[in-house]
1. How far apart, in nm, are two points set 7 Å out from the Cα along the Cα-to-Cβ line at E189 and at H266?
2. Answer with one residue from Y175, P134, S73: the one whose Cα lies farthest towards the positive end of the charge dipole of the chain, charges on Cβ with Lys, Arg +1 and Asp, Glu -1.
3. Can you give me the span-like helices of the chain, meaning DSSP H runs with 30 Å or more of Cα extent along the axis and Kyte-Doolittle mean at or above 0.5?
4. What FRET efficiency do you get for R36 and T118 if R0 is 30 Å and r is their Cβ-Cβ distance, rounded to the nearest 0.05?
5. In nm, to one decimal, how far is the modelled label at W169 from the one at D71, with both set 7 Å along Cα→Cβ?
6. Would you mind telling me which residue in V195, V294, V86 has the biggest mean-square fluctuation in a Gaussian network model of the chain, where springs connect alpha carbons within a distance under 10 angstrom?
7. By how many nm would the segment from Y213 to L142 lengthen if fully extended, with 0.36 nm per residue of separation less the alpha-carbon distance?
8. About the Cα centre of the chain, how large is the charge dipole given +1 on each Lys and Arg Cβ and -1 on each Asp and Glu Cβ? Please answer in debye to the nearest 20.
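Every read-out reported here was derived from the displayed coordinates using simple, explicitly stated rules and does not represent laboratory data. The model shown is predicted, which means the values in this text are computed figures rather than measured ones. Cβ sites come from the backbone with ideal geometry, for glycine too, and all protein chains shown count toward neighbours.
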Amino acid sequence: MYKLGILIVLVLFGAGVMVTAQKQVAITIDDVPNIRKYQLDGKIAFLTYLSENNIPSAIFINESRLLKDSDASNNYLKPWIDDKYVTVGSHTYSHPHYSEVELEEFTKDIIKGLVVSTGLAAQTGKTIDYFRFPFNDLGNDLNEHNAIQDVLDSLHLILTPFTVESSDWMFNSIYEYYLKNDSINKAEEIGRAYVDATMKSFEWMDSLTIAQYGRTVKHIYLCHDNSINADYLPIIVDKLRASDYQFISLDDAMNDEVYQQPSHFHKSWGISWVYRWMTDEEERKKLMRQEPGVMEYYKIYERIRSVPKY
């Protein structure tokens, strides 16, 4: 039955068939605040766009970023936290790989990363209930996964999953490189490629969830506070709306019963929870290989990262 469902997935995806029922997604943004960009632009364009268009979002904060500016808390983080459409979450203090450090060290980094943001959130009547792992690295094995879950439970933090992402960190590096080197046309080409990759990722994950659950789920989209999203997320939003998506809060998305399932993936790789919920490891691997790829852009990313002083 499961393999039959996978066959249906491939047929639906290949034909570009989309379910006509209302689809929903929560936008979640990692690595907030992007102080370097805000300083260069003199504004927080990403937040302004979301707020002016009444789009809910959830932010995941790395407090070590606040060290880059003595007034960063008030100038660059508080506006996000104060916005009525924003849910506040933690992303640790210094963004370490959990699988590469000891449990005690990682726990201390979580706690350190809550100090400033908790106080700012309280001023607006908000609490920090959600946590996302840097790199979505939950540990090397089941024991490490369970150990850190116990820590999150003790801190009353909810592990935040995602279903859809589109390697915006990679596209952004290429995009900023081209902007820096006055290759505007190439930068725009990368922006369009990012939009296309994102839409294909939504279509693919929709096809998988339809095959597994007979419906689309309330998606959680993972992106980052960066230049390419400030410039191209509005286009993605328009395209998602044209595909009958409604934008919802993280709280609303997490109410979908699909997020109550256990994960059957206990490694450090940061894969989508749609794959983690699959019990058949071989089917999981096969589907991951079939997912629309971005390897041609990863090769560009590797090439520009090798440029001296980049």
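1. Between E189 and H266, the label points sit 4.6 nm apart.
2. The one lying farthest along the dipole's positive direction is Y175.
3. none
4. Values: r = 24 Å, r/R0 = 0.80.
E between R36 and T118, to the nearest 0.05, is 0.80.
5. Going from the W169 label point to the D71 one covers 3.1 nm.
6. V294
7. On the way: separation 71, 0.36 × 71 = 25.56 nm, distance 2.54 nm.
Working it through step by step, the gained length comes to 23.0 nm.
8. Details: 31 positive and 44 negative charges, 131 e Å.
Its charge dipole is roughly 640 debye.
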